[in-house]
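> Could you have a look at this structure, given as structure tokens, before my questions?
The values are calculated or read from the model by the stated rules, or taken from the named source; none is laboratory data. The shown structure was predicted, so the numbers you read here are calculated from the model rather than taken from an experiment. Neighbour counts are summed over all protein chains in view; Cβ atoms, including those assigned to glycine, are modelled from backbone coordinates with ideal geometry. Accessible surface areas use protein heavy atoms only, side chains included; no ligands, DNA or RNA. Shrake-Rupley method; radii C 1.70, N 1.55, O 1.52, S 1.80 Å.
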Amino acid sequence: MMTIHESDDRHLFDALPAIDFNTSERLHIELVSAARQEGLLDVAYRTVDTPVGGLLLAATERGLVRVAFDRQGHSSVLESLAELISPRILRAPDRLDEAARQIDEYFAGRRRTFDLPLDWRLSRGFRLNVLEHLPDIAYGRTASYAEVAAAAGSPRAVRAVGTACATNPLPVVVPCHRVVRSDGTSGGYVGGAEAKETLLHLEAA
């Protein structure tokens, strides 16, 4: 058996051709293009910078399926999408250009509602019913968990509303940040208390 000493191993790596950023990006674009042509791109993703930190955006052919904050761990979110939807996931920013544009407009104060196709497959049952009611809460307004429960048809399901908001796969776009406690305090939020306050202050301005 031939043994490769550490010094020999280093020379082997020195002999490998370097791949610069432009080449790497070109290869990635070609990979994405080939995956699309072969129908192998099930989930596309990109990240955008916002006042509440980096947001991961992911979309299927049906529409936007996931928005995630940095604190949720983007790598973990992608792993979850691979398990729940498909392992055929690639960074393909152009599929999410429109979503990124609308999110930029929202944070710039130029957009009050989102007009995007949504893929709701990560929510079901009463949680989905709650999330579908959230866009009815007008920009700049808030509603209590109890009010949302009543609007969703189950006035006693206040805790379930809290769970639906906490597991919302599409925060910001589906405005669970507008749901607050009955005493007017903001309550919990998937993106953290500071992010929720930022969103509420943005809309109140």
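> Any number yet on Rg/Rh for the stretch 48-115, C-alpha, Kirkwood?
So for the stretch 48-115, dividing Rg by the Kirkwood Rh gives 0.97.
> Using alpha-carbon pairs under 8 Å, 6+ residues apart, how would you state the relative contact order of the stretch 108-205 in percent?
Result for the stretch 108-205 is 28 percent.
> Probe radius 1.4 Å, ligands and nucleic acids ignored: give me the carbon and sulfur share of the accessible area of the stretch 83-205 as a rounded percent.
Taking all protein chains in place, the stretch 83-205 shows 48 percent carbon and sulfur surface.
> Here is a follow-up. Taking R0 as 41 Å, what's the FRET efficiency between GLU132 and LEU40 from their Cβ-Cβ distance, rounded to 0.05?
With R0 = 41 Å, the Cβ-Cβ based efficiency is 0.85.
> With Cβ to Cβ distances under 13 Å as the rule, what net charge do the other residues near LEU134 carry (K, R +1; D, E -1)?
0
> Grab the other residues whose beta carbon is less than 11 angstrom from that of ALA100, score K and R as +1, D and E as -1, and report the net.
Summing Lys and Arg as +1 and Asp and Glu as -1 gives -3.
> For the stretch 61-163, what does the alpha-carbon gyration tensor say about shape, rounded, prolate or oblate, given a ≥ b ≥ c as the root eigenvalues, a/c under 1.5 as rounded, and a/b over b/c as prolate?
The shape class here is oblate.
> With a 1.4 Å probe and every protein chain left in place, work out the accessible area per residue of the stretch 74-173 in Å², rounded to a whole number.
About 54 Å² of surface per residue is accessible.
> Can you grab the distance from the C-alpha centre of the stretch 129-160 to the C-alpha centre of the stretch 42-86, Å, no decimals?
Result: 25 Å between the Cα centres.
> Would you calculate the separation in nanometres between label points at GLU79 and ASP115, each defined as 7 Å from the Cα along the Cα-to-beta-carbon direction?
4.0
> Separate question: Where Rh is the Kirkwood radius over the Cα pairs of the stretch 122-177, the temperature 25 °C and the viscosity 0.890 mPa s, what D in µm²/s does Stokes-Einstein return?
The diffusion coefficient I find is 225 µm²/s.
> From a point 7 Å beyond the Cα of THR185 in the direction of its Cβ, which residues of the stretch 146-163 have a backbone N at a distance under 16 Å?
Output list for this probe position: 146.
> With a/c under 1.5 counting as rounded, go ahead and sort the stretch 99-142 into rounded, prolate or oblate using the C-alpha gyration tensor (a ≥ b ≥ c being the square roots of the eigenvalues; past the cut-off, prolate if a/b is larger than b/c, else oblate).
Note, shape of the stretch 99-142 comes out oblate.
> First select every other residue whose beta carbon is under 10 angstrom from the beta carbon of GLY53; then total the charges, Lys and Arg +1, Asp and Glu -1.
Overall, the nearby charge balance is -2.
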